[in-house]
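Computed from the coordinates by the stated procedures, all read-outs in this text should not be read as laboratory data. Keep in mind that what you see is a predicted model, and the values were worked out from it rather than measured. Glycine also receives a Cβ, built like all others from the backbone with ideal geometry; neighbour counts cover every protein chain displayed.
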Amino acid sequence: MKKGETPINGIESGSGAVPQRMPWHVVNAAFLGWAMDAMDFMILALVLVHISKEWNITMPVAALLMTSTQLGASVGGLLWGIVGDYLGRKRTLMITILWYSLLTGLCAFTQSWLQLLIIRFILGLGLGGEWGIGATLVAEWSPPEHRGKYLGIVQSGFGAGFGIAALLSAFLIPLYGWRSLFLAGTLPSVLIFYVLRTIKDPPIWVETHRLRKEAQKLAKTTTLSEEDKSLTRFSVAELFHGSNGRRVLICFLMILGIQMAWWGTNTWIPSWLYTERGLSIVRTGLFISIQTIGSVTGYLSFGFICDKLGRKKTFYIFLIASAIATVILTSIQDQTTLLVFLPVYAFFSSGPFTGLGPLVSELFPTRIRATATSSILNSGRLGACAAPYILAVIATHFSMSVGIATTALFYVGAVIALGFLPETLGNKMHSG
């Protein structure tokens, strides 16, 4: 440190320390928020067939409806991450949940695909912020040795949300039509009151926020050390400063591969089951419900395994298995075999999403953690916006089975990018 410089940063204990016990209401709130986020995505996927018939739209146009949600989520995720680093994890989580809940209900009143396209984009702006903020919140409250497990529990909410949407579709659509499913999506607004009553910002963020305020005040009259200057930089600028920039790029490429494969495939699985495997609407909903058993098991298993073997080894196992399972899935014709294998495919393809939370949160400091987590996840999601459309084009020229099978190549790309990242198991989080 040079003469005249004032140290502020570097606190590793005290009010900024990570607690040794996990507040379960934090996990519960993040779990429920993520479940309702997934429920909203699956609602649109499940009603696409009905909307296409009623409004006489083509498969590529139907894909644009999914893409608009993803695009809005990508843009929104980038913005909410910044808000979360400056405004706090709790308040930002509340705003995002309320946003997408109300807009989901509004979808029920649209009268054309263009109206739905616009509403879905605006809805996505709130939808995209929930995961990054929720994952950051849980990561900062978690003891390092159990971070993967807790984030695995949170991530399993996505599978639960899929299952809820699928079951609701099997009962609501035959009786009340596809619009009723969107109205059911307003339920997450109830979570706002739960979050408001039980959640507090992590002590490590509270301490970092205090340090940032002090650094900004002292910077006007005092020369700060390089370490303390980082507290005064805008979070996005700091995200690309020094070694952070290289890590952002590599994480983006890995997550892009995972997102392209997963979103591309799962957008079209309900339609694929209905059109190319001959399932009824009710059976399609039930098959998707069974699939979510594999998803939830995969989310939870990844968390426990990565706390034992490490983040990278666990990613390698699941990504390679996902590529193989995707190809096998599309070759199955028999409905009974399909019912048995769908959970196997879901186990491996869903698991890696659990690892994204601990991996990214452990790579970046507290002052930019929400910005990094939300930006990286949602920039990957932004790139993945093209996946449903790409598969739709392939399906138009060949078949939907061929389109889904090609997503195995994206998993291969994710494996290559993973090789350039460090192992983060056991990394401690510090204020600053």
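Any lysines with Cα under 25 Å of the K200 Cα? List them, leaving off those in the same chain fewer than 8 positions away.
Within the straight-line cut-off, K200 pairs with K90, K149, K213, K428.
Helix 59-87: angle to the longest alpha-carbon principal axis of the chain, degrees 0 to 90, nearest 10?
The two axes meet at around 20 degrees.
Ranked highest first by the average count of other Cβ atoms within 10 Å around their residues, in what order do 345-356, 377-388 fall?
Numbers: 345-356: 27.1, 377-388: 24.0.
Per-residue Cβ counts within 10 Å, averaged per peptide and sorted highest first, yield 345-356, 377-388.
Hey, if you drop one equal point scatterer on each alpha-carbon of the chain and run the Debye formula without solvent, what base-10 log of I(q)/I(0) do you get at q = 0.12, 0.13 Å⁻¹?
-0.92, -1.07
When the dipole is taken about the Cα centre of the chain, and only Lys, Arg (+1) and Asp, Glu (-1) are charged at their Cβ, what size is it in debye, to the nearest 20?
700 debye
Ordered by residue, what ³J(HN,Hα) values in Hz, to whole numbers, does the range 264-272 give under the Karplus form 6.51 cos²θ - 1.76 cosθ + 1.60, where θ = phi - 60° and Gly and Pro are x?
Values per residue, Gly and Pro as x: x, 6, 6, 5, 9, 4, x, 5, 5 Hz.
Between T337, T326, T92, find the one with the highest GNM mean-square fluctuation for the chain; connect C-alpha pairs within less than 10 Å.
T337
What angle do you read, to the nearest 10 degrees and between 0 and 90, between the alpha-carbon axis of helix 311-331 and the longest principal axis of the chain?
Helix 311-331 sits roughly 10 degrees off the main axis of the chain.
Given a cut-off of under 8 Å on Cα pairs at least six residues apart, what relative contact order in percent is computed for the chain?
29 percent
Based on the alpha-carbon gyration tensor of the range 298-409 and its eigenvalue square roots a ≥ b ≥ c, which shape applies: rounded if a/c is under 1.5, prolate if not and a/b is larger than b/c, or oblate?
Since a/c reaches 1.5 but b/c is at least a/b, the shape of the range 298-409 is classed as oblate.
Straight-line reach from K220: which lysines have Cα under 27 Å away, leaving out those fewer than 8 places along the same chain?
K2, K3, K229
Could you tell me the calculated FRET efficiency between V206 and L309, based on Cβ-Cβ distance and R0 = 22 angstrom, to the nearest 0.05?
After rounding, the FRET efficiency stands at 0.10.
Mind checking the angle between helix 352-363 and the chain's longest principal axis? C-alpha axes, 0 to 90 degrees, to the nearest 10.
Between the helix axis and the principal axis of the chain, the angle is about 10 degrees.
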